[in-house]
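The values are calculated or read from the model by the stated rules, or taken from the named source; none is laboratory data. Keep in mind the model is a prediction, meaning the values are calculated, not measured. With ideal geometry, Cβ positions are generated from the backbone for all residues, glycine too; neighbour counts draw on all protein chains shown. Surface accessibility is based on the protein's heavy atoms, side chains included, excluding ligands, DNA and RNA. Shrake-Rupley method; radii C 1.70, N 1.55, O 1.52, S 1.80 Å.
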Amino acid sequence: MAGAGSDDLRPLKYSIHKYSSYSSSYAPENILEDKPNDQSSRWSSDSNSPPQFLILKLDRAAILKTVTFGKYEKTHVCNIKKFSIYGSLSDDNMILLLESGLKNDTTPETFYVKHILDGHQFPVRYVKIVPLQSWGSTFNFSIWHVALAGYDDVLEVHKCINWYTAYREREAIRLCLKHFRQQNYSEAFESLEKRTKVTLEDPLLTRLHNLLVRDGDFDMCESLVEKAACDGLFQQFISQQDYKPCWTPIIPALHQGAKERPGMRGGHQMCVDTSSQTIYLFGGWDGMKDLSDLWAFHVPSQEWTCISKDTETEGGPSARSCHKMCLDPERRQIFTLGRYLDSTLRIPENLKSDFFLYDIETNKWTQITEDTASLGGPRLVFDHQMVMDIENRVIYVFGGRVLTPSRWEGLGMDELRNSTYTPSEPIFSGLYSYHVATNTWTKLRDDAGNSPSDPNEIKSRIGHSMLFHSGTRQLYIFAGQRNKEYLTDYFTYNVDTDVVTYISDGTRKDAAAVPAAGFTQKATIDPELNEIHVLSGLSKDKDKRDDNVRNSFWVYNITQNKWSCIYRNEQTSESYWSKMQHVEPCPRFAHQLVYDDIRKVHYLFGGNPGKVTLPKMRLDDFWSLRLSRPSRDQLLQRCILLIRKHKFIELAMEDSMAALHYLQTKLHEAVDHDKPEQVEEFQSLASTLFQTPDPALKMSSREAGASSSQDNGQEPLQLGQPLDSRHEGRTRLFDQLTSFFPEHMTQPRGNLVDLVLY
């Protein structure tokens, strides 16, 4: 469709179609104009009891892409904290387009709404906004202004309407087919399928249905499901499940001759060699001084080894913190660049940007250059980011604050007290690449300053995240801080095409918005899973004056362009974290997090807990983090258990002894005896064998209703072949099994009867 880019969005005119209520002079029509200085220019409901809503009618059908909410010039208790937006070509049977909420501030917010269905854009004419909660819990809802944007080109939208109409007709037929099959109306099902030539589902699932529901061949069902799992058909379901985090403290092995471990520190650096399962740690600040020790932790043996107490004495880098490291696992080389210097040490001779290489095999340091700036690289920086394209042996360095000579140098104490000098604006470093083989630096981008004027410019910062995706050949850059501003933009840089693409510019609250404005958050990437993982540290809450140290872990799905918070802990009490010190790590910043993308394990060490009463305190705890989802084998086990449990129920209705034997053999084998809930259910099944069968197992509700009407001397309502309990039970099992398959393969998730309005 024309106008696929966000720059081509056009304002869409609308009128007020319907509303639930309004209070006093705060009529719905007030939202048509944006008057942030006029407190009366808003719609307000006359209560906060559901349902409250506004239905907007577009002048003509359009592809709606964004909804913008204007706000009053001051925070207001009636602002909507939570809301839903629906859309359709009619004012009923609407599709959910968005669930979100507004911040209680004065800044307008723009939201991208759902507009893709089955791979196609779909049109709307009516837009329904449903407030769910206001910032003041007892106050009515207020909306100050709404602006809609999208595409309304008549010819293009008409094509979408034609597709959407055909799509709805096809889905209606599929719902009928599903209903007929579920109710065992086989003649109606076959006739409709033959006449319309509409396919209900993938042939594989039709075969599963025939084996299970029609034939009751449970053994063949198991084989088919097992093959489907081995063919990867459960992967989509697995990828849609929420992760569950599992923190484990790492206690190094204690035995005779065991070596010491690294001490407390923050601002250190770590990298992981996945082939040897070794984590390297270098430098940091222990609260009193910078460190220059180099350590290695061997994961299989759980042992720390001190490679060097002082790398400077061995030709390596001097003591430092806020530097960066990256590892080339193929050549077993570690590169380190940058450092922080106290203002009293910022004299010209100390401000050279040295660059070092450590060779793991030979245990030798090499100073690549005394000053990268003299070779066209960055000046001395700290709190930057550095990643490596291993295949092409190119290192990328972005951001960080440039250290400049201090004007205080040489002034006495009396002069310092009487001086009116204030430091100039900080300087931030741009984006550079370093080609290892040729020892060549290239500046790719200058810092664009506070207000980039070109979409291909980038704003430099400190404490941000930068990751390299070896598959897409892109750098992913987000968050960080610039002066006193916490940044929330999110963009990519293609290392091959030199193109910057903004996923979120930091002003829109869309699906790709960065989880929270943060500083020193730690991020990792898994190119195989197409995921970015972020562990928060110090975050900025605009509603509070102070920075906050809070634990949260986010996962960004690159393919779906979606963030998910899988772990959050808002606890701040000392007693709580004292009790939990061996269960999960306390909140912190200036920590280090590395990721073994082969074994899918994160490792966390040290950091600053942010204790105001103990400003010099640093941590030396060491943790592993696994993010778990149901595995393919676990899902397969669940499917096999469901199938065998149902076969047992059918056997129990016919032959108790055969059912008992099946329970003790095949069903017992399918149970995961490490899961108490499965064991408890298994044990309860045996008790049902010699009880009076539940009438519901022998007679469906339809048959029960027919029996009741006959007892009353009335003829039962005959809609088709009666639905027996065996067919009903097998159909429910089939629906359970198909929930693990990709949605494009299955029958519709909805049901025909749910569309009937009473």
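Listed values, structure above:
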item: His298/Arg214 FRET efficiency (R0 41 Å; Cβ-Cβ; nearest 0.05); result: 0.10
item: Tilt relative to the chain, helix 218-230 - C-alpha long axis, 0 to 90 degrees, to 10; result: 20 degrees
item: Packing rank of 595-602, 59-66, 34-41, where each peptide gets the mean count of other beta carbons within 10 Å, highest leading; result: 59-66, 595-602, 34-41
item: MRE, 222 nm, helices only [DSSP H, n ≥ 4, -39500 (n - 2.57), over the chain, to nearest 500]; result: -6000 deg cm²/dmol
item: Cα pair distances exceeding 23 angstrom across segment 314-413, given as percent; result: 29 percent
item: Fraction of accessible area attributable to carbon and sulfur, segment 1-106 (%, probe 1.4 Å); result: 44 percent
item: Mean-position separation - Cα centroids, segment 317-393 and segment 6-74, in angstrom; result: 55 Å
item: Contact order relative to length of the chain, as percent, for alpha carbon pairs under 8 angstrom and 6 or more apart; result: 11 percent
item: Highest-first arrangement of 139-151, 156-168, where packing means the average Cβ count within 10 Å; result: 139-151, 156-168
item: Partners for Lys74 among aspartates and glutamates (Cα-Cα distance below 16 Å; same-chain residues under 8 apart left out); result: Asp34, Asp38, Asp105, Glu109, Asp543
item: Directionally averaged shadow of segment 243-380, computed from the convex hull of its alpha-carbon atoms, nm²; result: 11.0 nm²
item: Amide N proximity, segment 726-755 versus Leu685 label position 7 Å along Cα-to-Cβ, cut-off under 19 Å; result: 726-738
item: Once the Cα gyration tensor of segment 301-346 is diagonalised, semi-axes √(5λ) in Å; result: 24, 15, 11
item: Pairwise FRET efficiency - Glu330 versus Ile116, Cβ, R0 = 60 Å, nearest 0.05; result: 0.90
item: Cβ charges +1 (Lys, Arg) and -1 (Asp, Glu), total dipole of the chain, debye; result: 1120 debye
item: Too-long pairs where the Cα-Cα distance tops 25 Å, listed order kept, from Lys81/Lys128; Lys244/Lys675; Lys81/Lys484; result: Lys81/Lys484
item: Between helix 186-196 and the chain: long-axis angle, C-alpha atoms, 0 to 90°, nearest 10; result: 60 degrees
item: Given Lys562/Lys647; Lys35/Lys57; Lys35/Lys114, the pairs whose alpha carbons are separated by over 30 Å; result: Lys562/Lys647
item: Between 0 and 90°, nearest 10: helix 632-654 axis offset from the chain longest Cα axis; result: 20 degrees
item: Theoretical gain in end-to-end length, Arg629 to Leu155 [0.36 nm per residue, Cα-Cα removed]; result: 166.1 nm
item: Sequence of Met653, Met270 when ordered by accessible area, the most exposed leading, probe 1.4 angstrom; result: Met653, Met270
item: Cα pair distances in the chain, grouped into 20 Å bins until the bin that holds the longest one, percent each; result: 13, 36, 35, 14, 2, 0
